[in-house]
Amino acid sequence: MLQCKKNISIVVFLTLIILSSFPKDIYASTDVQEIIGYTQTRLIGGEIDNVIVSRVKETNLGDLVADAVADATKEILKGTKYQNMPIVGLQNGGGIRKTIFEGPITRKQINDTLPYGNFLVVYDITPKVLYEILENGVSRIKVDKRGNIIGIDGRFLQISGINVIYDYSQPSTEIVDNSMVTGSRVLAVYLDG
């Protein structure tokens, strides 16, 4: 269980609520072939063997997206009462749709990789709520008899600012009689730094 006396600022890359226009700049240009960066490493986010990898495990592209939203939030929160709070960045793995290969990165690749036009949303939450969010992120993952991860639906979280230890053999979060029963798959959560 997450043991922490302070609230945590959590960054979630979601649609609907707009508190910052951070991602809009990526989509503002009409020149989709404009090169906006380079990578020397393949950034994993797409399908491998018919599975969107970021839906079932941490990936380097998922880390990059979560780190980017956490870093943007740190900039946004400078000079506010929240600037010294721990920042946790989350991105649902199902929102990362393509792998970016070595070489130049274009706006089109970013649009194809993160196609949903999401917005940066910042919440000030308690450790209990963070724990429930993390439990939900692994609630639909199952492991078959051969050790293959199955039952994926996109809620596995790519994270920044924390390290999480999961055990998929433990009970998952479920809805029972219209009430949420929080699972026990999250064994430990450690703040970075």
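Checked against (1) closer than 21 Å to Phe156 by Cβ; (2) modelled with pLDDT of 90 or more, Gln40 passes all but condition (1). Yes or no: segment 112-125 includes at least one residue that is over 14 Å from the mean Cα position of the chain (by Cα), farther than 30 Å from Asp31 by Cα and not aliphatic (A, V, I, L, M). Scanning segment 112-125 turns up at least one residue that is over 14 Å from the mean Cα position of the chain (by Cα), farther than 30 Å from Asp31 by Cα and not aliphatic (A, V, I, L, M).
Identify the residue in segment 141-193 that is modelled with pLDDT of 90 or more, open to solvent by 60 Å² or more (accessible area, probe 1.4 Å) and of a type in the set (A, V, I, L, M) and, among all such residues, is farthest from Gly45 (Cα to Cα). So, considering only residues that are modelled with pLDDT of 90 or more, open to solvent by 60 Å² or more (accessible area, probe 1.4 Å) and of a type in the set (A, V, I, L, M), the one farthest from Gly45 (Cα to Cα) is Leu187.
What number of residues within segment 113-140 are farther than 16 Å from Gly154 by Cα and open to solvent by 60 Å² or more (accessible area, probe 1.4 Å)?
Total satisfying the criteria: 3.
Residues that are in contact (Cβ under 8 Å) with a residue 40 or more places away in the chain and in a helix (DSSP H, G or I) within segment 112-128 comprise Thr113, Pro127, Lys128, listed in sequence order. Need pairs with beta-carbon distance below 6 Å; first residue under 17 Å from Val138 (Cα atoms) and within segment 71-99, second polar (S, T, N, Q); sequence gap 6+ or separate chains. Taking only residues 6 or more apart or on different chains, the pairs are Gly89/Ser160; Gln91/Gln158; Gly93/Ser54; Gly93/Gln158; Ile96/Ser54.
For the criterion of being open to solvent by 50 Å² or more (accessible area, probe 1.4 Å), at pLDDT 90 or above and on the phi < 0 side of the Ramachandran plot, Lys98 passes.
So is Ser20 modelled with pLDDT under 80, surrounded by 13 or more Cβ atoms within 10 Å (Cβ to Cβ) and in contact with an Asp or Glu (Cβ under 6 Å, 6 or more places away or on another chain) or not? No: the conditions fail for Ser20. The residue that is most open to solvent (accessible area, probe 1.4 Å), among those in segment 76-95 that are of a type in the set (A, V, I, L, M) and in contact with a Leu (Cβ under 9 Å, 6 or more places away or on another chain), is Ile76. Checking Val181, Val164, Val176 one by one, the residue that is over 25 Å from Thr39 (Cβ atoms) and within 15 Å of the chain's Cα centre (by Cα) is Val164 and no other.
Number of residues in segment 46-79 that are at pLDDT below 90 and not in a helix (DSSP H, G or I) equals 9.
The values are calculated or read from the model by the stated rules, or taken from the named source; none is laboratory data. Bear in mind that the values here come from a model prediction, so they are computed numbers and not experimental data. Using ideal geometry, Cβ is built from the backbone for each residue, glycine included, and neighbour counts are taken over all protein chains shown. Accessible surface areas use protein heavy atoms only, side chains included; no ligands, DNA or RNA. Shrake-Rupley method; radii C 1.70, N 1.55, O 1.52, S 1.80 Å.
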